[in-house]
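Shown next, in structure tokens, is the structure this report addresses.
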Amino acid sequence: MRLAGGNTGRPLRGFGAAIAVTALSWSLGACSEPSGGGGSPADVPLVRYKAPPSAIPDASLSVGGGSSAIRQEHGRRYAYSWLEGDREVHDAGASPVPWPAAAAAVAPMTLTIQTDSEPNYLTVRVYGDAVDGSGQPTGAPLHEEQCTGPAAVDDPSPGVTPAAACRLRSEGGQIRVPFAIPAGSGFRISVWASWSVSDELAAQRGMRQSPGDISTTWLFRVRR
């Protein structure tokens, strides 16, 4: 079952395709497609294509800020679609959702992904702690961060305006996304990221055609 769109090698159109076809029909990592048109050629810089990480990178949450950022919780990898040799492998995710044990947390928090290859799109969603029998959150997200990488800004999908509020940049082999958690006692956090696979990379891997995009989701759970 495909978790990403098209065979064009272009960035995923919006944020909706990656997880929507998995057991998580409410979409842990997907979000609605932004509205509006793309910028003019003079508005977007040229960016060299970066191949996706060779393996799904680790993701963690640093709890606290400044000198108090001493706790780090590692995310649990969930649903994914990734390259393995000359083929694309898929994992739709288990049911019920295997959330990790809750870790103590204080605001602010920083998501760190261990890679120097920025995703085209990344979404952080913070839910309340209540879930149904299949492990799906019972309410809408309490907070959401939508981020875009340099390649998405350089070559946006038709009809998509890249999010200006959160730009992804790798520094020292890491990508950091700070965010706040709302008032409450417990939260479940999903992080979804998508990278594009160029036709050239697919040919180097011996693939007949590019899968278009690959993606993964990480899960976190925190409490105050």
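The values are calculated or read from the model by the stated rules, or taken from the named source; none is laboratory data. In this text the structure is predicted, and so the values were computed from the model without any measurement. Calculation scope for accessible area: heavy atoms of the full protein, side chains included, ligands and nucleic acids excluded. Shrake-Rupley method; radii C 1.70, N 1.55, O 1.52, S 1.80 Å.
Structure notes:
- In the complete set of protein chains, residue-level accessible area for TRP218 is approximately 10 Å², probe 1.4 angstrom.
- For GLN174, residues with placed amide H under 5 Å, excluding near neighbours: THR115
- Computed 3J(HN,Hα) for segment 88-93, one whole-Hz value per residue from the Karplus formula 6.51 cos²θ - 1.76 cosθ + 1.60 where θ = phi - 60°, is 9, 10, 10, 9, 7, x, glycine and proline marked x.
- Residues ASP213, ASP132 ordered from highest to lowest accessible area at a 1.4 Å probe: ASP132, ASP213.
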